[in-house]
Amino acid sequence: MPSSPLLTNPTLRALIALAVFTYTAQNMINVSIAPLSRALALPEWIVGGAVSLAAVAVTALSQFWGRRSIAWGRRRVLLTSLVLALIAGTVFSATVWARSAGALGVVAASAGIMLARGPFFGSAIAAIPPTGQALVAEVTQDQTSRVRGMSAFSGAINFSVMFGSLISSALGAVWIFAPVHATPWFIVIALVIALVWVPKDGHSRSPRNTQPTCAPGHSSSSMTVTGELPPRVSWLDRRLLPWIGGVFGMFFANGVVQILMGFIVQDRAHLDPSHAVSITGLMLLTNAAGAMLFQLLIVPKLAWEPRRLLRGGITLGTVAFAALAWAPTLPLVVLSTFLMGVASGLAVPGFSAGASLAVSPEEQGGVAGIMNATGSVTWIFAPVSAAALYGWNPLAPFALGLSLIAFSCTVAWAHPRLLRHATTS
(Lines give C-alpha, C1' and ligand atoms only; values in the text may rest on other atoms or scores of the structure.)
Protein backbone atom coordinates (compact mmCIF):
# COMPACT_ATOMS: atom_id res chain seq x y z
CA MET A 1 0.00 0.00 0.00
CA PRO A 2 1.47 3.41 -0.95
CA SER A 3 2.62 5.64 1.86
CA SER A 4 0.78 8.82 2.72
CA PRO A 5 1.92 11.92 0.79
CA LEU A 6 2.16 13.61 4.19
CA LEU A 7 5.25 11.49 4.86
CA THR A 8 6.96 12.12 1.53
CA ASN A 9 6.22 15.70 0.46
CA PRO A 10 7.87 18.50 2.52
CA THR A 11 5.70 21.23 1.02
CA LEU A 12 2.55 19.36 2.07
CA ARG A 13 3.97 18.92 5.57
CA ALA A 14 4.62 22.68 5.82
CA LEU A 15 1.16 23.47 4.48
CA ILE A 16 -0.46 21.14 7.01
CA ALA A 17 1.57 22.70 9.83
CA LEU A 18 0.47 26.23 8.98
CA ALA A 19 -3.11 24.99 8.48
CA VAL A 20 -3.05 23.53 12.00
CA PHE A 21 -2.16 26.89 13.55
CA THR A 22 -4.55 28.86 11.33
CA TYR A 23 -7.50 26.60 12.05
CA THR A 24 -6.57 26.49 15.72
CA ALA A 25 -6.98 30.26 15.70
CA GLN A 26 -10.31 30.00 13.92
CA ASN A 27 -11.61 27.36 16.31
CA MET A 28 -10.57 29.40 19.34
CA ILE A 29 -12.95 32.08 18.06
CA ASN A 30 -15.68 29.54 17.24
CA VAL A 31 -15.56 28.02 20.73
CA SER A 32 -15.70 31.41 22.40
CA ILE A 33 -18.15 33.31 20.25
CA ALA A 34 -21.43 31.98 21.68
CA PRO A 35 -20.52 32.59 25.36
CA LEU A 36 -18.90 35.88 24.31
CA SER A 37 -22.12 37.13 22.74
CA ARG A 38 -23.89 36.78 26.07
CA ALA A 39 -20.97 38.07 28.13
CA LEU A 40 -20.79 41.18 25.92
CA ALA A 41 -24.61 41.56 25.91
CA LEU A 42 -24.84 41.17 22.13
CA PRO A 43 -27.79 39.60 20.26
CA GLU A 44 -27.50 35.83 19.80
CA TRP A 45 -28.00 36.11 16.04
CA ILE A 46 -24.62 37.89 15.83
CA VAL A 47 -23.00 34.49 16.41
CA GLY A 48 -24.67 32.92 13.41
CA GLY A 49 -24.39 36.04 11.29
CA ALA A 50 -20.62 36.32 11.70
CA VAL A 51 -19.99 32.71 10.74
CA SER A 52 -22.46 32.87 7.86
CA LEU A 53 -20.72 35.93 6.41
CA ALA A 54 -17.41 34.07 6.66
CA ALA A 55 -18.97 31.15 4.80
CA VAL A 56 -20.13 33.48 2.02
CA ALA A 57 -16.55 34.64 1.58
CA VAL A 58 -15.17 31.09 1.62
CA THR A 59 -17.79 29.91 -0.88
CA ALA A 60 -17.12 32.82 -3.22
CA LEU A 61 -13.33 32.62 -3.08
CA SER A 62 -12.45 28.92 -2.68
CA GLN A 63 -12.22 28.20 -6.39
CA PHE A 64 -10.56 31.61 -6.92
CA TRP A 65 -7.76 30.61 -4.52
CA GLY A 66 -7.60 26.99 -5.69
CA ARG A 67 -6.99 27.93 -9.32
CA ARG A 68 -4.55 30.70 -8.38
CA SER A 69 -2.51 28.38 -6.18
CA ILE A 70 -1.53 26.80 -9.49
CA ALA A 71 -1.34 29.96 -11.62
CA TRP A 72 0.34 32.23 -9.04
CA GLY A 73 2.05 29.62 -6.89
CA ARG A 74 1.33 28.22 -3.45
CA ARG A 75 3.71 30.51 -1.54
CA ARG A 76 2.21 33.74 -2.87
CA VAL A 77 -1.36 32.57 -2.20
CA LEU A 78 -0.60 31.36 1.33
CA LEU A 79 1.34 34.47 2.38
CA THR A 80 -1.42 36.74 1.08
CA SER A 81 -4.14 34.83 2.89
CA LEU A 82 -2.25 34.65 6.19
CA VAL A 83 -1.55 38.40 6.24
CA LEU A 84 -5.29 38.99 5.74
CA ALA A 85 -6.09 36.50 8.53
CA LEU A 86 -3.68 38.27 10.90
CA ILE A 87 -5.35 41.62 10.27
CA ALA A 88 -8.81 40.09 10.75
CA GLY A 89 -7.84 38.37 14.01
CA THR A 90 -6.35 41.59 15.35
CA VAL A 91 -9.48 43.58 14.49
CA PHE A 92 -11.67 40.95 16.19
CA SER A 93 -9.54 41.03 19.33
CA ALA A 94 -9.56 44.83 19.43
CA THR A 95 -13.33 44.95 19.01
CA VAL A 96 -13.92 42.52 21.89
CA TRP A 97 -11.54 44.51 24.10
CA ALA A 98 -13.24 47.81 23.27
CA ARG A 99 -16.72 46.40 23.93
CA SER A 100 -15.69 44.84 27.24
CA ALA A 101 -14.16 48.17 28.28
CA GLY A 102 -17.38 50.00 27.46
CA ALA A 103 -15.84 51.93 24.57
CA LEU A 104 -18.16 50.46 21.92
CA GLY A 105 -21.93 50.23 21.82
CA VAL A 106 -23.95 47.21 20.76
CA VAL A 107 -24.25 48.24 17.11
CA ALA A 108 -20.56 49.10 16.63
CA ALA A 109 -19.34 45.99 18.47
CA SER A 110 -21.73 43.74 16.54
CA ALA A 111 -20.58 45.23 13.24
CA GLY A 112 -16.90 44.87 14.15
CA ILE A 113 -17.27 41.24 15.23
CA MET A 114 -19.36 40.29 12.20
CA LEU A 115 -17.01 41.93 9.69
CA ALA A 116 -13.76 40.70 11.27
CA ARG A 117 -14.89 37.09 11.86
CA GLY A 118 -17.10 37.14 8.77
CA PRO A 119 -15.95 38.22 5.30
CA PHE A 120 -12.47 39.38 6.37
CA PHE A 121 -11.35 36.20 8.15
CA GLY A 122 -13.36 33.99 5.79
CA SER A 123 -11.68 35.45 2.71
CA ALA A 124 -8.29 34.75 4.23
CA ILE A 125 -8.71 31.13 5.30
CA ALA A 126 -10.53 30.23 2.07
CA ALA A 127 -7.12 29.82 0.43
CA ILE A 128 -5.70 27.06 2.62
CA PRO A 129 -7.88 23.95 2.00
CA PRO A 130 -8.03 24.21 -1.82
CA THR A 131 -4.29 24.85 -1.97
CA GLY A 132 -3.65 21.74 0.12
CA GLN A 133 -6.18 19.58 -1.73
CA ALA A 134 -4.77 20.59 -5.11
CA LEU A 135 -1.30 19.63 -3.86
CA VAL A 136 -2.58 16.24 -2.65
CA ALA A 137 -4.12 15.64 -6.08
CA GLU A 138 -0.82 16.63 -7.73
CA VAL A 139 1.21 14.05 -5.82
CA THR A 140 -1.32 11.17 -5.95
CA GLN A 141 -2.75 9.48 -9.03
CA ASP A 142 -4.41 6.22 -7.93
CA GLN A 143 -7.58 5.85 -5.85
CA THR A 144 -5.92 4.38 -2.75
CA SER A 145 -3.25 7.06 -2.40
CA ARG A 146 -5.77 9.82 -3.17
CA VAL A 147 -8.05 8.63 -0.36
CA ARG A 148 -5.09 8.40 2.04
CA GLY A 149 -3.83 11.86 1.07
CA MET A 150 -7.21 13.58 1.36
CA SER A 151 -7.86 11.78 4.64
CA ALA A 152 -4.50 12.90 6.07
CA PHE A 153 -5.15 16.52 5.11
CA SER A 154 -8.66 16.46 6.61
CA GLY A 155 -7.31 14.75 9.72
CA ALA A 156 -4.77 17.53 10.21
CA ILE A 157 -7.55 20.12 10.05
CA ASN A 158 -9.49 18.19 12.69
CA PHE A 159 -6.37 18.01 14.83
CA SER A 160 -6.34 21.81 14.76
CA VAL A 161 -9.96 21.79 15.94
CA MET A 162 -8.92 19.56 18.84
CA PHE A 163 -5.93 21.73 19.63
CA GLY A 164 -7.99 24.90 19.41
CA SER A 165 -10.64 23.42 21.69
CA LEU A 166 -8.03 22.48 24.30
CA ILE A 167 -6.40 25.91 24.17
CA SER A 168 -9.78 27.65 24.34
CA SER A 169 -10.87 25.53 27.28
CA ALA A 170 -7.66 26.22 29.18
CA LEU A 171 -7.58 29.94 28.43
CA GLY A 172 -11.33 30.38 28.85
CA ALA A 173 -11.18 28.84 32.31
CA VAL A 174 -8.79 31.64 33.31
CA TRP A 175 -10.44 34.53 31.45
CA ILE A 176 -13.37 34.40 29.05
CA PHE A 177 -11.70 36.86 26.64
CA ALA A 178 -8.29 35.14 26.60
CA PRO A 179 -8.90 32.84 23.57
CA VAL A 180 -9.90 35.80 21.40
CA HIS A 181 -6.82 37.84 22.29
CA ALA A 182 -4.54 34.82 21.71
CA THR A 183 -5.91 34.23 18.19
CA PRO A 184 -3.62 36.64 16.26
CA TRP A 185 -0.51 35.03 17.76
CA PHE A 186 -1.40 31.66 16.27
CA ILE A 187 -1.75 33.32 12.87
CA VAL A 188 1.72 34.82 13.37
CA ILE A 189 3.14 31.31 13.89
CA ALA A 190 1.43 30.11 10.69
CA LEU A 191 2.85 33.09 8.81
CA VAL A 192 6.38 32.29 10.01
CA ILE A 193 5.97 28.66 8.88
CA ALA A 194 4.89 29.84 5.43
CA LEU A 195 7.80 32.27 5.15
CA VAL A 196 10.43 29.73 6.23
CA TRP A 197 9.26 26.35 4.92
CA VAL A 198 6.98 26.86 1.92
CA PRO A 199 9.34 26.86 -1.10
CA LYS A 200 9.53 29.81 -3.44
CA ASP A 201 7.54 29.32 -6.61
CA GLY A 202 9.34 28.82 -9.89
CA HIS A 203 8.19 30.04 -13.29
CA SER A 204 7.66 27.98 -16.40
CA ARG A 205 8.62 29.12 -19.89
CA SER A 206 5.82 26.94 -21.20
CA PRO A 207 2.64 28.53 -19.86
CA ARG A 208 0.41 25.75 -21.08
CA ASN A 209 2.20 23.04 -19.17
CA THR A 210 -0.18 22.37 -16.29
CA GLN A 211 0.88 18.83 -15.51
CA PRO A 212 2.42 17.92 -12.14
CA THR A 213 6.12 18.69 -11.92
CA CYS A 214 6.96 15.65 -9.81
CA ALA A 215 5.96 12.04 -9.73
CA PRO A 216 3.27 10.93 -7.30
CA GLY A 217 4.59 10.41 -3.82
CA HIS A 218 7.79 12.35 -4.48
CA SER A 219 8.60 15.83 -3.31
CA SER A 220 9.70 18.86 -5.19
CA SER A 221 11.46 21.86 -3.72
CA SER A 222 9.14 24.24 -5.52
CA MET A 223 6.20 24.18 -7.88
CA THR A 224 6.21 25.42 -11.45
CA VAL A 225 4.02 28.49 -11.81
CA THR A 226 2.35 28.57 -15.21
CA GLY A 227 0.85 32.06 -14.95
CA GLU A 228 -2.24 30.73 -16.73
CA LEU A 229 -5.42 29.93 -14.81
CA PRO A 230 -6.53 26.28 -14.99
CA PRO A 231 -10.10 25.52 -16.11
CA ARG A 232 -12.99 26.62 -13.94
CA VAL A 233 -15.21 23.80 -12.63
CA SER A 234 -18.98 24.21 -12.55
CA TRP A 235 -21.11 23.47 -9.49
CA LEU A 236 -23.55 21.79 -11.88
CA ASP A 237 -20.95 19.41 -13.33
CA ARG A 238 -22.70 16.04 -13.47
CA ARG A 239 -19.51 14.30 -12.39
CA LEU A 240 -19.58 16.18 -9.07
CA LEU A 241 -23.29 16.57 -8.24
CA PRO A 242 -23.77 13.13 -6.60
CA TRP A 243 -20.73 13.66 -4.38
CA ILE A 244 -21.89 17.14 -3.40
CA GLY A 245 -25.45 15.99 -2.75
CA GLY A 246 -24.25 12.99 -0.77
CA VAL A 247 -22.27 15.08 1.73
CA PHE A 248 -24.13 18.41 1.82
CA GLY A 249 -26.38 17.41 4.73
CA MET A 250 -23.39 16.26 6.79
CA PHE A 251 -21.73 19.65 6.47
CA PHE A 252 -24.98 21.40 7.39
CA ALA A 253 -25.48 19.20 10.46
CA ASN A 254 -21.90 19.85 11.56
CA GLY A 255 -22.50 23.57 11.21
CA VAL A 256 -25.53 23.29 13.48
CA VAL A 257 -23.51 21.35 16.06
CA GLN A 258 -20.56 23.76 15.99
CA ILE A 259 -22.69 26.87 16.46
CA LEU A 260 -25.27 25.52 18.92
CA MET A 261 -22.92 23.58 21.19
CA GLY A 262 -22.20 26.70 23.25
CA PHE A 263 -25.93 27.15 23.83
CA ILE A 264 -26.64 23.42 24.33
CA VAL A 265 -24.18 23.04 27.20
CA GLN A 266 -25.51 26.18 28.87
CA ASP A 267 -29.15 25.18 28.62
CA ARG A 268 -28.99 21.41 29.20
CA ALA A 269 -26.35 21.57 31.94
CA HIS A 270 -27.55 24.94 33.31
CA LEU A 271 -24.12 26.61 33.09
CA ASP A 272 -23.27 30.32 33.05
CA PRO A 273 -21.33 31.73 30.05
CA SER A 274 -17.91 31.77 31.77
CA HIS A 275 -18.10 28.05 32.62
CA ALA A 276 -19.67 27.19 29.26
CA VAL A 277 -16.52 28.17 27.32
CA SER A 278 -14.50 25.29 28.76
CA ILE A 279 -17.28 22.72 28.38
CA THR A 280 -18.03 23.87 24.83
CA GLY A 281 -14.37 23.48 23.94
CA LEU A 282 -14.33 19.95 25.34
CA MET A 283 -17.46 19.04 23.37
CA LEU A 284 -15.95 20.27 20.11
CA LEU A 285 -12.75 18.47 21.07
CA THR A 286 -14.72 15.24 21.32
CA ASN A 287 -16.23 15.83 17.89
CA ALA A 288 -12.86 16.57 16.31
CA ALA A 289 -11.27 13.59 18.06
CA GLY A 290 -13.73 11.22 16.42
CA ALA A 291 -13.06 12.71 12.99
CA MET A 292 -9.29 12.83 13.41
CA LEU A 293 -9.08 9.28 14.76
CA PHE A 294 -10.78 7.89 11.69
CA GLN A 295 -9.14 10.16 9.11
CA LEU A 296 -5.58 9.60 10.29
CA LEU A 297 -5.73 6.01 11.57
CA ILE A 298 -8.82 4.07 10.52
CA VAL A 299 -9.61 5.21 6.96
CA PRO A 300 -6.10 4.41 5.62
CA LYS A 301 -6.30 0.91 7.10
CA LEU A 302 -9.84 0.26 5.84
CA ALA A 303 -8.78 0.95 2.23
CA TRP A 304 -12.43 1.49 1.28
CA GLU A 305 -13.41 3.06 -2.02
CA PRO A 306 -14.75 6.66 -1.84
CA ARG A 307 -18.38 5.62 -2.38
CA ARG A 308 -18.32 3.21 0.56
CA LEU A 309 -16.74 5.80 2.86
CA LEU A 310 -19.37 8.38 1.90
CA ARG A 311 -22.26 5.98 2.48
CA GLY A 312 -20.98 4.69 5.80
CA GLY A 313 -20.29 8.19 7.10
CA ILE A 314 -23.57 9.80 6.07
CA THR A 315 -25.61 6.90 7.48
CA LEU A 316 -23.86 7.06 10.86
CA GLY A 317 -24.15 10.85 10.83
CA THR A 318 -27.92 10.68 10.37
CA VAL A 319 -28.30 8.44 13.42
CA ALA A 320 -25.88 10.46 15.58
CA PHE A 321 -27.48 13.81 14.73
CA ALA A 322 -30.94 12.49 15.60
CA ALA A 323 -29.58 11.24 18.93
CA LEU A 324 -27.95 14.60 19.69
CA ALA A 325 -31.24 16.41 19.16
CA TRP A 326 -32.84 14.50 22.04
CA ALA A 327 -29.84 13.88 24.33
CA PRO A 328 -30.97 15.15 27.76
CA THR A 329 -27.66 14.81 29.62
CA LEU A 330 -24.07 15.84 28.93
CA PRO A 331 -22.75 12.23 28.70
CA LEU A 332 -25.24 11.50 25.91
CA VAL A 333 -24.35 14.79 24.22
CA VAL A 334 -20.68 13.76 24.37
CA LEU A 335 -21.40 10.35 22.80
CA SER A 336 -23.56 11.79 20.03
CA THR A 337 -21.00 14.50 19.30
CA PHE A 338 -18.19 11.93 19.11
CA LEU A 339 -20.19 9.79 16.67
CA MET A 340 -20.86 12.87 14.53
CA GLY A 341 -17.09 13.28 14.33
CA VAL A 342 -16.61 9.63 13.37
CA ALA A 343 -19.24 10.06 10.66
CA SER A 344 -17.38 13.06 9.24
CA GLY A 345 -14.13 11.12 9.44
CA LEU A 346 -15.61 8.58 7.04
CA ALA A 347 -17.74 10.75 4.76
CA VAL A 348 -15.43 13.71 4.10
CA PRO A 349 -12.40 11.74 2.79
CA GLY A 350 -14.80 9.72 0.62
CA PHE A 351 -16.32 12.90 -0.79
CA SER A 352 -12.95 14.62 -1.33
CA ALA A 353 -11.30 11.65 -3.01
CA GLY A 354 -14.38 10.78 -5.06
CA ALA A 355 -14.83 14.30 -6.40
CA SER A 356 -11.11 14.69 -7.10
CA LEU A 357 -10.93 11.38 -8.98
CA ALA A 358 -13.99 12.31 -11.04
CA VAL A 359 -12.21 15.12 -12.93
CA SER A 360 -9.06 15.53 -15.02
CA PRO A 361 -5.62 16.58 -13.68
CA GLU A 362 -6.03 20.03 -15.26
CA GLU A 363 -9.22 20.61 -13.22
CA GLN A 364 -7.77 19.81 -9.78
CA GLY A 365 -7.36 23.46 -8.74
CA GLY A 366 -10.98 24.17 -9.61
CA VAL A 367 -12.42 21.04 -8.03
CA ALA A 368 -10.41 21.67 -4.86
CA GLY A 369 -12.20 25.01 -4.62
CA ILE A 370 -15.57 23.33 -5.15
CA MET A 371 -14.81 20.78 -2.41
CA ASN A 372 -13.93 23.48 0.09
CA ALA A 373 -16.91 25.62 -0.92
CA THR A 374 -19.32 22.68 -0.51
CA GLY A 375 -18.70 22.72 3.21
CA SER A 376 -18.71 26.49 3.49
CA VAL A 377 -21.92 27.02 1.50
CA THR A 378 -23.82 25.09 4.16
CA TRP A 379 -22.34 27.42 6.77
CA ILE A 380 -23.96 30.38 5.03
CA PHE A 381 -27.34 29.10 6.17
CA ALA A 382 -26.62 26.70 9.03
CA PRO A 383 -25.28 29.11 11.70
CA VAL A 384 -27.74 31.97 11.28
CA SER A 385 -30.75 29.69 10.78
CA ALA A 386 -29.71 27.41 13.65
CA ALA A 387 -29.16 30.30 16.06
CA ALA A 388 -32.45 31.97 15.09
CA LEU A 389 -34.47 28.74 15.22
CA TYR A 390 -32.89 27.74 18.54
CA GLY A 391 -34.09 30.98 20.08
CA TRP A 392 -37.61 30.12 18.91
CA ASN A 393 -37.59 26.39 19.73
CA PRO A 394 -34.49 24.38 20.75
CA LEU A 395 -35.56 21.39 18.63
CA ALA A 396 -36.31 23.38 15.47
CA PRO A 397 -32.71 23.59 14.11
CA PHE A 398 -32.29 19.86 14.67
CA ALA A 399 -35.42 19.13 12.67
CA LEU A 400 -34.07 21.18 9.77
CA GLY A 401 -30.63 19.57 9.97
CA LEU A 402 -32.08 16.07 10.19
CA SER A 403 -34.15 16.58 7.05
CA LEU A 404 -31.06 17.68 5.09
CA ILE A 405 -28.75 14.94 6.32
CA ALA A 406 -31.46 12.36 5.56
CA PHE A 407 -31.66 13.78 2.02
CA SER A 408 -27.89 13.38 1.60
CA CYS A 409 -28.11 9.83 2.92
CA THR A 410 -30.69 9.07 0.23
CA VAL A 411 -28.48 10.57 -2.49
CA ALA A 412 -25.44 8.59 -1.32
CA TRP A 413 -27.33 5.31 -1.50
CA ALA A 414 -29.63 5.88 -4.48
CA HIS A 415 -28.03 8.30 -6.97
CA PRO A 416 -27.54 6.50 -10.33
CA ARG A 417 -23.95 7.69 -10.77
CA LEU A 418 -22.98 6.38 -7.34
CA LEU A 419 -24.79 3.13 -8.05
CA ARG A 420 -22.59 2.77 -11.15
CA HIS A 421 -19.62 4.21 -9.22
CA ALA A 422 -18.88 6.42 -12.20
CA THR A 423 -15.53 7.84 -11.15
CA THR A 424 -12.25 7.93 -13.01
CA SER A 425 -8.88 7.07 -11.58
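Identify, by number, the condition in (1) over 18 Å from the mean Cα position of the chain (by Cα); (2) surrounded by fewer than 22 Cβ atoms within 10 Å (Cβ to Cβ) that S408 doesn't meet.
Going through (1) over 18 Å from the mean Cα position of the chain (by Cα); (2) surrounded by fewer than 22 Cβ atoms within 10 Å (Cβ to Cβ) one by one, S408 breaks only (2).
Looking only at segment 328-368, which residues are in contact (Cβ under 8 Å) with a residue 40 or more places away in the chain, farther than 22 Å from E305 by Cα and of a type outside the set (F, W, Y)?
Correct list: P328, T329, L330, V333, V334, T337, E362, G365, G366.
In segment 264-285, which residues are farther than 19 Å from L171 by Cβ, surrounded by fewer than 20 Cβ atoms within 10 Å (Cβ to Cβ) and among the aliphatic types (A, V, I, L, M)?
Scanning segment 264-285 gives a single hit, A269.
With a cut-off of at least 2 residues that are among the hydroxyl-bearing types (S, T, Y) and within 11 Å of V256 (Cα to Cα), name the helices (runs of 4 or more DSSP H) lying wholly within segment 340-425.
It comes to 364-392.
Going by the conditions given, is L236 within 20 Å of A353 (Cβ to Cβ) and at pLDDT 90 or above?
For L236, the condition - within 20 Å of A353 (Cβ to Cβ) and at pLDDT 90 or above - is not met.
Among (1) hydroxyl-bearing (S, T, Y); (2) at pLDDT below 90; (3) out of contact with any Pro (no Cβ under 7 Å at 6 or more places or on another chain), where does S32 come up short?
(3)
How many residues does segment 86-137 hold that are within 15 Å of the chain's Cα centre (by Cα) and closer than 25 Å to F381 by Cβ?
13
What do you reckon, is S93 at pLDDT 85 or above and surrounded by fewer than 24 Cβ atoms within 10 Å (Cβ to Cβ)?
Yes; evaluated as a whole, the condition is true for this residue.
Suppose we keep only residues that are among the β-branched types (V, I, T) and surrounded by fewer than 19 Cβ atoms within 10 Å (Cβ to Cβ) within segment 164-196. Which one would you say is nearest to A101 (Cα to Cα)?
Result: V174.
In contact (Cβ under 8 Å) with a residue 12 or more places away in the chain, crowded, with 24+ Cβ neighbours inside 10 Å and of a type outside the set (S, T, N, Q): is that true of G391 in this structure?
No: the conditions fail for G391.
With the requirement that a residue be in a loop (DSSP other than H, G, I, E, B) and either touching a Cys at 6+ places or on another chain (Cβ under 6 Å) or not polar (S, T, N, Q) (or both), what does segment 93-151 give you?
Within segment 93-151, A101, G102, A103, L104, G105, A126, A127, D142 meet the criteria.
Under 8 Å by Cβ, and 6 or more places apart or on different chains, what pairs join a residue from segment 233-253 that is farther than 18 Å from T318 by Cα with one that is among the acidic types (D, E) and modelled with pLDDT under 95?
That search, which allows pairs on different chains as well, returns V233/E363.
The values are calculated or read from the model by the stated rules, or taken from the named source; none is laboratory data. Quick caveat: nothing in here was measured; it's all calculated off a predicted structure. Note: ideal-geometry Cβ built from the backbone for every residue, glycine included; neighbour counts use all protein chains shown.
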